[in-house]
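Read the structure below first, then the notes.
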Amino acid sequence: MSVHKEVKKVTTNTLQEMKRKGEKIAMLTAYDFSMAKIIDAAGIDVILVGDSASNVMAGHETTLPITLDQMIYHAASVIRGVDRALVVVDLPFGSYQGNSKEALTSAIRVMKESGAHAVKMEGGKEIEESVKRILSAGIPVMGHLGLTPQSIYKFGTYNVRAKEEEEAKRLIEDAHVLEKAGCFAIVLEKIPAALATQAATEISVPMIGIGAGSGVDGQVLVLHDMLGLNVGFNPRFLRRYLNLFDDIKQAVGSYVSDVKAKDFPNAGEQY
Ligand code: KIV
């Protein structure tokens, strides 16, 4: 008799069903095998291999420099650690904008070379054709509206988006365009809570918020932010669950002291 317990995997249908039942979706980013294994074991529903890897893994100021090859490397590492969660991978800047054929090629590379389950793209009406083309190949697409970090040089700041009526109206229109094009979910980043609630009410697919209040269908945070590894970043929407920067610094400090004091390794820690 097999003792192997079958895990019920999260799919895009699961998320749709969760929205229907009013059950909130929990999503976090991850970029490597070890972290992905931990957050999957903890019951996370969706893992985003975000292009925030450009910031928190590579130390860049923006998400623009990360390449498709680098995203695929992170995604393949994450996939090897995951049994249950749905794994979504950001298509990086320059791999899909303004060219639906290139968008499809990039999405196929992500799926084929990493084993991920879906891709995410930033933008509304301007990516409609690419979303449809990627979907025509059977690849699920998650949208991303509001503060879309790949457009930081257009916005000029990381401030809250869509506070003015015109941009708010455009965001709702874009959400309808993405829903109609076939996106299975949409991330709403740093927009007024009332606007996000309106989107989650009007749109049939799950809305996952980051800095978008509690009226949406799920929440996403960058793992390094919520674990307190990325100490310089303190937006109002962020809740820190650990202070790993300080904890790791203290642990490494103790190790350094033990080595210097010839206390490590001791008699029981050698052969
Ligand atoms: O790249 C990322 O981590 C993201 C989240 C902030 C949603 O897109």
Spans of helices (runs of 4 or more DSSP H) in region 1-112 with at least 2 residues more than 16 Å from the chain's Cα centre (by Cα): 12-21, 33-41
Unmet criterion (only one of (1) modelled with pLDDT under 95; (2) closer than 18 Å to Met121 by Cα) for Val231: (2)
Subset tally (residues that are basic (Lys, Arg) and under 30 Å from Gly81 (Cβ atoms)) for region 99-142: 3
Single unsatisfied condition, Gly94 versus (1) within 16 Å of the ligand (Cβ to nearest atom); (2) crowded, with 17+ Cβ neighbours inside 10 Å: (2)
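Rundown of residues vs (1) in contact with a Leu (Cβ under 7 Å, 6 or more places away or on another chain); (2) among the small types (Gly, Ala, Ser), yes/no style:
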| site | (1), (2) |
| --- | --- |
| Asp40 | no, no |
| Thr62 | no, no |
| Gly81 | no, yes |
| Val88 | yes, no |
| Leu91 | no, no |
| Ser100 | no, yes |
| Met111 | no, no |
| Ser114 | no, yes |
Hey, Met121 free of Cβ contacts under 8 Å to residues at least 60 places away in the same chain, assigned by TED's automatic domain parsing to the domain that holds Gln219 and either within 13 Å of the ligand (Cβ to nearest atom) or closer than 27 Å to Tyr153 by Cβ (or both) or not: yes
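The values are calculated or read from the model by the stated rules, or taken from the named source; none is laboratory data. All of these numbers come straight from a predicted model, not from anything done at the bench. As a convention, Cβ positions derive from the backbone with ideal geometry for all residues, glycine included, and neighbour counts pool all protein chains shown.
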